[in-house]
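Peer 1: If you scroll down you'll find the structure; I have some questions about it.
The values are calculated or read from the model by the stated rules, or taken from the named source; none is laboratory data. Since the structure is predicted, the reported quantities are computational estimates derived from the model, not experimental observations. Every residue, glycine among them, receives a Cβ derived from its backbone with ideal geometry; neighbour counts consider all protein chains shown.
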Amino acid sequence: MIDIEPQVWEMLGRYIGAGLALGLGGLGAAVGMGIAAGQANEGLMRQPDTQGYMLRTMLIGQAVGGSPSIFALVVGLLVLFLPSGRLEGAHFAAAMVGAGMSIGLGCFGSGLGCGWPAGKACDGVARNPRHTTSVTSSMVIGQAVAQSPSIFSIVIALMLLFVVTAPDSVLLTFGMFVGAGIAMGAGALGPGIGSGQTASGAVHGTSRWPESAGLILRTMLIGQAVSQTPAIFGMLVSFILLLGVGDVPLGMMGLAVTLGAGISTGLGGIGPGIGSGAVGDAACQATAAKPRLDTLILRTMLIGQAVSQSTAIYALIIGLLLLFVF
Amino acid sequence: MDQIGDRLVWYYVPFTDIEIPMNGVNIITLFNALLVMGVLFLLCKRAVSNLAVVPGRGQFVVEQFVGMFDNLVESSLELDTRAENRKFLPLILFLFMYLILANVMSFLPTSLFEEPTADINTTLGLGLLGMSVAVYSGMRTKGVFTYIAEMMGPLFTQEDATGFAWVLGKLSALYFFPLNIVGEMAKVVSISFRIFGNIIGSGIIIIVISTLIYSFSPLLVGMNLFFIFFIGIVHAFVFAMLTLTYIAVAIK
């Protein structure tokens, strides 16, 4: 291995990890908040009288949509200032980089996703000022559920900081920890964006047809929950990588196998997450427009999402094959 | 914060050396799960104890609650008779009420009360329960052979195929059948890890932020209310609705 002193390894890990956590984790939330503010301006142009409601809705939407970046801030601070007792040198660096990767990518998706419902809510307040309350509550519920991928990635990041034990081989440690970070982070990226998109469809539908708010809420919750399946696959593979890798070969082969499993599951989850979020978006708007057809729409949405997620299942199969067969 | 992930597991029956099968039992989870069931049983007993023709306040709330779920089940399943739909109502209601109580029980400020849903074994059990009900009722409504033939994919059952197309259709089952089996297993994994990850993640966020800010209590109370009650209730509802939808997909 390269001859670097342990303290230098620790600094390297801390700084790269904190940079990844805050750099990526702040990016999505910032874009999301900007989308909300932009829609608020556009709405005020249409209905200047609603500025009290509009300001309140925009601020609530930005505050709830900003919480992924606060999760990233918490983990970033921990990565910078956590005393390094449990792991040493390069092992510690690998854990920090993995934690930063997990929380950064995971909060990127959720932060960006939470911006769209906030924007649609501002638009909806301008469109239908009398139903501000139902639009706002639909927005908050949608954003809260769209944050579950970032909650999953906080679990993995804190496991990397507090729970994991490292094997002797530095290369295998690197593969396990960074692989788990990529599997969780990239796996949460797509579902975060997608479930935010579903929520934005539901908020839009609620603002146009407030009388079918209950049915829209049900379609939205199921659509978001199903579109978060790739994030759950990512969490599963991260758990296996961090806790239960049986007899993975040591050295370079171990690095290849574990990192490959993480990359496959993580990147494989991005597309299905975004795609099935788009299905949910359309289904929410369709339910809003034709509440009589809600079961038909729900069933079609579920089948469509299941088919669009088969690629995430392929990626999961490849990941598990790498871990348990090779 | 070092206790994150620690569990109290009994590997042997206490005061003896009889080994407990399946790698021991997590005694806190078991205790809390039974506690939730006991509380739920008493609550339900109390709710139906003195029913009146003209409902009082409590009875009115309970009737509205049950009626809402009755409507949800009926509009999702769309079976022929009302009685057939109502067969599934107790399962869905049980899942919802049990998960709500289980998710919010850690609001009680004792370290003994831990959410049973923060243990993957509980949620995996509930997911398997829902999935077995879905598969069983699917086989029951459609017949075993039709159900399995549907698992073989759309090309397997097409009627007007002849010759080479027929052979290809039958061969396509080799591709679709394993995929559908994996898809069904992925449903169990996703439904049970979803609630587990959310509940344990909310708990961890509360622990970490409380450790970092020490004593600014208004924020902590708000955070507890949001993460425990809001996330807990939303995900209890999502779990119950997803089980219902899986059953509906299986029987149609």
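Peer 1: Say whether the condition of being aromatic (F, W, Y), exposed (fewer than 14 other Cβ atoms within 10 Å of the Cβ) and without any contact (Cβ under 8 Å) to a residue 60 or more places away in the chain is met by at least one residue in the stretch B:62-84.
Peer 2: no
Peer 1: Kindly check whether there is at least one residue in the stretch B:154-164 that is buried (at least 18 other Cβ atoms within 10 Å of the Cβ), within 11 Å of another protein chain (Cβ to nearest Cβ) and either free of Cβ contacts under 8 Å to residues at least 24 places away in the same chain or of a type outside the set (A, V, I, L, M, F, W, C) (or both).
Peer 2: Applying the first criterion (buried (at least 18 other Cβ atoms within 10 Å of the Cβ)) to the stretch B:154-164 yields B:156.
Then keep just the ones that are within 11 Å of another protein chain (Cβ to nearest Cβ); that gives none.
Scanning the stretch B:154-164 turns up no residue that is buried (at least 18 other Cβ atoms within 10 Å of the Cβ), within 11 Å of another protein chain (Cβ to nearest Cβ) and either free of Cβ contacts under 8 Å to residues at least 24 places away in the same chain or of a type outside the set (A, V, I, L, M, F, W, C) (or both).
Peer 1: Going through A:L242, A:L298, A:L267, A:L302 one at a time, which residue ends up being over 18 Å from the mean Cα position of the chain (by Cα), among the hydrophobic types (A, V, I, L, M, F, W, C) and farther than 30 Å from B:I251 by Cα?
Peer 2: A:L242
Peer 1: Output the residues belonging to the stretch A:88-117 that are away from chain B (no Cβ under 14 Å), more than 25 Å from A:A278 (Cβ to Cβ) and out of contact with any Lys or Arg (no Cβ under 6 Å at 6 or more places or on another chain).
Peer 2: A:E88, A:G89, A:A90, A:H91, A:F92, A:A93, A:A94, A:A95, A:V97, A:G98, A:G100, A:M101, listed by residue number.
Peer 1: Kindly indicate whether any position in the stretch B:25-43 is closer than 28 Å to A:V155 by Cβ, among the small types (G, A, S) and either touching a Cys at 6+ places or on another chain (Cβ under 6 Å) or touching a residue at least 40 places away in the same chain (Cβ under 8 Å) (or both).
Peer 2: Yes, the stretch B:25-43 has at least one match.
Peer 1: Hey, another quick one. Among the candidates A:T287, A:T300, single out the residue that is touching a helix residue (DSSP H, G or I) at 6+ places or on another chain (Cβ under 8 Å), under 22 Å from A:I216 (Cα atoms) and at pLDDT below 90.
Peer 2: Details: A:T287 fails: at pLDDT below 90.
Of A:T287, A:T300, the one residue that is touching a helix residue (DSSP H, G or I) at 6+ places or on another chain (Cβ under 8 Å), under 22 Å from A:I216 (Cα atoms) and at pLDDT below 90 is A:T300.
Peer 1: Within the stretch B:235-247, restricting attention to residues that are more than 15 Å from B:F196 (Cβ to Cβ) and facing another protein chain (nearest Cβ under 8 Å), which residue is surrounded by the fewest Cβ atoms within 10 Å (Cβ to Cβ)?
Peer 2: B:F237
Peer 1: If you don't mind, there's one more thing I want to ask. One residue is enough: does the stretch A:103-114 have a residue meeting the conditions buried (at least 24 other Cβ atoms within 10 Å of the Cβ), within 17 Å of A:A37 (Cβ to Cβ) and hydrophobic (A, V, I, L, M, F, W, C)?
Peer 2: Yes: one or more hits.
Peer 1: So, one more: List, please: which pairs have Cβ atoms under 6 Å, are six or more places apart or on different chains, and start with a residue in the stretch A:111-133 that is among the charged types (D, E, K, R) and end with one that is buried (at least 24 other Cβ atoms within 10 Å of the Cβ)?
Peer 2: A:K120/A:S200; A:K120/A:V203; A:K120/A:H204; A:D123/A:Q39; A:D123/A:G43; A:R127/A:S207
Peer 1: Against the conditions (1) under 30 Å from B:K142 (Cβ atoms); (2) crowded, with 19+ Cβ neighbours inside 10 Å; (3) more than 9 Å from chain A (Cβ to nearest Cβ); (4) of a type outside the set (D, E), where does B:I199 fall short? Just the number, please.
Peer 2: Single failed check for B:I199: (1).
Peer 1: Could you say whether any residue in the stretch A:64-74 is within 14 Å of another protein chain (Cβ to nearest Cβ), over 19 Å from A:G23 (Cα atoms) and not charged (D, E, K, R)?
Peer 2: The answer is yes; a qualifying residue exists.
Peer 1: Further, regarding this structure: Looking only at residues that are within 9 Å of chain B (Cβ to nearest Cβ) and of a type in the set (V, I, T) in the stretch A:145-160, which one is farthest from the chain's Cα centre (by Cα)?
Peer 2: Of everything passing the filter in the stretch A:145-160, A:V155 is farthest from the chain's Cα centre (by Cα).
Peer 1: Out of all the residues in the stretch B:172-187, which are surrounded by 15 or more Cβ atoms within 10 Å (Cβ to Cβ) and more than 11 Å from chain A (Cβ to nearest Cβ)?
Peer 2: Within the stretch B:172-187, B:S172, B:A173, B:F177 meet the criteria.
Peer 1: Next up: Examine the stretch A:237-244 for a residue that is at pLDDT below 90, under 21 Å from A:L161 (Cβ atoms) and surrounded by fewer than 19 Cβ atoms within 10 Å (Cβ to Cβ), and state whether such a residue exists.
Peer 2: Yes, the stretch A:237-244 contains at least one residue that is at pLDDT below 90, under 21 Å from A:L161 (Cβ atoms) and surrounded by fewer than 19 Cβ atoms within 10 Å (Cβ to Cβ).
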